[in-house]
Amino acid sequence: MARLQIRQFPCLSDNYGVLARDPESGSVIAIDVPDAAPYLAELAETGWRLTHVLITHHHWDHVQGLVPLKEATGARVIGPGLSRDKISGLDEVVEDGDIFHIAELKVEAISTPGHTLDQISWWFEQAGVIHTGDTLFSLGCGRVFEGDMEMMWASLDKLNRRLPDDAVVYCGHEYTLSNARFALSVDPDNAALKERVAEVERLRAEHMATLPTTMGRERATNPFLRAGDPALAAALGMAGASPAEVFAELRGRKDRF
Ligand SMILES: [Zn+2]
């Protein structure tokens, strides 16, 4: 199994930058570029040479630093085909299910629309690592802006079905603490959730990252991934409702929380 060396660092107010290095080839991949300066600082500190940039979606806080980072490094930029006209600096675009290799490292583009229509989750199967952009967060999920509730649920369920428990999940934002408070409000008796909330509170009190998380942990604690669980539907007074309906109710409550 190919390993990846990963550096995660804060960008802007609550975004994360992520750099992943394949030690076998020396390839270094940036995922999203909220801001070029912290990336350049990490590259300088590690001595890593950036070769590729993968973009999850077109929002400004994910692409703002792309052009300056590309100019400084000459990295090759790959992003969602749906945003070929929205994102400047793309060298190559992908569609759902596209697989390509960076040296020997396999990269799969899993389309997970809802927050935006173009959203891609980047899956490095050999390393067991995924970056879910603004689709799946720890204990939460992205707001539904461009898609609809059914589309967003289908995307989360796709990740649910596709990823093993030990998949390591990186994402775009440190929103875990506020997500945790909402999750507890709808699922107060979930022991795994209570344990995770305590951990998140401790980490944030020390200004430490709550990410990455794992798919197994999210399946046990994240209400948005559990919209298909009859027990959660019943707790919301929605026994018999479809998972998409339960998801829509959860997302609506979170938006008003
Ligand atoms: Zn976004």
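A few points about this structure:
- Flag if L117 is out of contact with any Leu (no Cβ under 7 Å at 6 or more places or on another chain) and not hydroxyl-bearing (S, T, Y): no
- Any helices (runs of 4 or more DSSP H) falling wholly within segment 30-148 and containing at least 1 residues that are at pLDDT 95 or above and closer than 16 Å to C171 by Cβ: 60-63
- The residues of segment 145-165 that are within 16 Å of the ligand (Cβ to nearest atom), of a type in the set (A, V, I, L, M), farther than 17 Å from A183 by Cα and crowded, with 22+ Cβ neighbours inside 10 Å amount to a single one, M152.
- Filter result for R217 (closer than 30 Å to E108 by Cβ, away from the ligand (no atom under 16 Å from the Cβ), touching a residue at least 24 places away in the same chain (Cβ under 8 Å) and open to solvent by 60 Å² or more (accessible area, probe 1.4 Å)): yes
- Counted residues, segment 34-61 - those being within 16 Å of the ligand (Cβ to nearest atom), under 12 Å from G79 (Cα atoms) and open to solvent by less than 30 Å² (accessible area, probe 1.4 Å): 4
- Residue ranges of helices (runs of 4 or more DSSP H) in segment 162-257 with at least 1 members hydroxyl-bearing (S, T, Y): 176-186, 215-221
- Screening segment 88-136 for residues that are open to solvent by 10 Å² or more (accessible area, probe 1.4 Å), among the aliphatic types (A, V, I, L, M) and under 19 Å from A30 (Cβ atoms) and picking the one that is farthest from the ligand (Cβ to nearest atom) gives A103.
- Within segment 18-29, the residues that satisfy the criterion of being more than 16 Å from the ligand (Cβ to nearest atom) and either closer than 20 Å to E174 by Cα or surrounded by fewer than 16 Cβ atoms within 10 Å (Cβ to Cβ) (or both) are L19, A20, P23, E24, S25, G26.
- Residue in segment 231-241 that is under 29 Å from P10 (Cα atoms), open to solvent by 50 Å² or more (accessible area, probe 1.4 Å) and hydrophobic (A, V, I, L, M, F, W, C) present: no
- Qualifying residue in segment 67-74 (condition: without any contact (Cβ under 8 Å) to a residue 60 or more places away in the chain, touching a strand residue (DSSP E or B) at 6+ places or on another chain (Cβ under 8 Å), surrounded by fewer than 20 Cβ atoms within 10 Å (Cβ to Cβ) and among the aliphatic types (A, V, I, L, M)): no
The values are calculated or read from the model by the stated rules, or taken from the named source; none is laboratory data. Keep in mind that what you see is a predicted model, and the values were worked out from it rather than measured. Positions of Cβ are backbone-derived with ideal geometry, glycine not excepted, and every protein chain shown enters the neighbour counts. For the accessible areas, the whole protein counts, side chains as well, though only heavy atoms, and no ligand, DNA or RNA atoms are used. Shrake-Rupley method; radii C 1.70, N 1.55, O 1.52, S 1.80 Å.
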